[in-house]
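The values are calculated or read from the model by the stated rules, or taken from the named source; none is laboratory data. Computed from a prediction, not measured in an experiment: that's the story for all the values here. All Cβ positions, even for glycine, are placed from backbone atoms using ideal geometry, and neighbour counts span all protein chains on display. Heavy atoms of the whole protein, side chains included, go into the accessibility calculation; ligands, DNA and RNA do not. Shrake-Rupley method; radii C 1.70, N 1.55, O 1.52, S 1.80 Å.
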Amino acid sequence: MSRVGRKPIEIPKGVEVNIEGSLVKIKGLKGELQREVRPEIKVEVHPVKSSEAGVEQFDRVKKEEILVTPLKETKDVKAFWGLTRTLIANMIKGVTEGYQKKLEIKGVGYRASLEGENLVLNIGYSHPVKIKKPEDISFSAEKNAITVSGIDKEKVGQIAAKIRAVRKPEPYKGKGIRYKGEQIRRKAGKKVVGAEEKGV
């Protein structure tokens, strides 16, 4: 049994959850997300039960939770059970809090700026690199810091990876675009290696 999958997902105040067959729709203050779940997985909304004076009854505040259950007991379905629960929990967080991915630019003359809602990167090429703002994603750029924000965790991660891929950090001086806090494994330059071999 999946320890992740069997945990109920509490529905916060102000969030609407609609399930139409295998389609799960979640709406909150920051926007709306939807996802198709596998046919072997069942997703339901139930009122939260509370225990009062030893008697189980429905919570007076009418709180609700999402329950994810497998319809088959196979190894693959158990794996999708936990994954589905995680993805739906991410959707809840996305429409209530949102997600951010921060990147840093390192290099002399390297910088990021905004042109309207689009991101413009000046990172050592003969021309600036423009990244068009996707739907439900926003960019911010301040000095050498870039922030990608949105309600879809996967989409935020994909766009951040796309930005990083424009100029991946090189291993000698570390120039390029990296995730904030990312550690780059550095290599010694040829001159340094040669000096070490000669005992300098």
Taking the stretch 30-43, which residues are modelled with pLDDT under 95 and loosely packed, with under 14 Cβ neighbours inside 10 Å?
Pro39
How many residues does the stretch 144-189 hold that are among the acidic types (Asp, Glu), outside any helix (DSSP H, G or I) and modelled with pLDDT of 95 or more?
1
Enumeration of residues in the stretch 93-126 that are in contact with a strand residue (DSSP E or B) (Cβ under 8 Å, 6 or more places away or on another chain), at positive phi and in contact (Cβ under 8 Å) with a residue 40 or more places away in the chain
Gly98, Gly107
Counting just the residues of the stretch 1-29 that are closer than 19 Å to Val77 by Cβ and open to solvent by 80 Å² or more (accessible area, probe 1.4 Å), which one comes out modelled with the highest pLDDT?
Lys7
Limited to the stretch 71-83, what total is found for residues that are open to solvent by 30 Å² or more (accessible area, probe 1.4 Å) and either not basic (Lys, Arg) or not in a helix (DSSP H, G or I) (or both)?
8
Quick check on Gln158: is it open to solvent by 40 Å² or more (accessible area, probe 1.4 Å) and without any contact (Cβ under 8 Å) to a residue 40 or more places away in the chain?
yes
Within the stretch 16-34, residues under 22 Å from Ser138 (Cα atoms) and in contact (Cβ under 8 Å) with a residue 12 or more places away in the chain come out as Ile26, Lys27, Gly28, Leu29, Lys30, Gly31, Glu32, Leu33
Pull up the stretch 87-108, narrow it to residues that are at pLDDT below 95 and either among the aliphatic types (A, V, I, L, M) or open to solvent by 30 Å² or more (accessible area, probe 1.4 Å) (or both), then point me to the one that is farthest from the chain's Cα centre (by Cα).
Val108
Among the residues of the stretch 121-143, write down those that are part of a strand (DSSP E or B), more than 20 Å from the chain's Cα centre (by Cα) and under 24 Å from Ile184 (Cα atoms).
Leu121, Asn122, Val129, Glu142
Which numbered condition Lys62 fails, given (1) on the phi > 0 side of the Ramachandran plot; (2) open to solvent by 100 Å² or more (accessible area, probe 1.4 Å); (3) at pLDDT 95 or above
(3)
Restricting to the stretch 109-149, give me the number of residues that are more than 20 Å from Glu182 (Cβ to Cβ), out of contact with any Leu (no Cβ under 8 Å at 6 or more places or on another chain) and open to solvent by less than 20 Å² (accessible area, probe 1.4 Å).
1
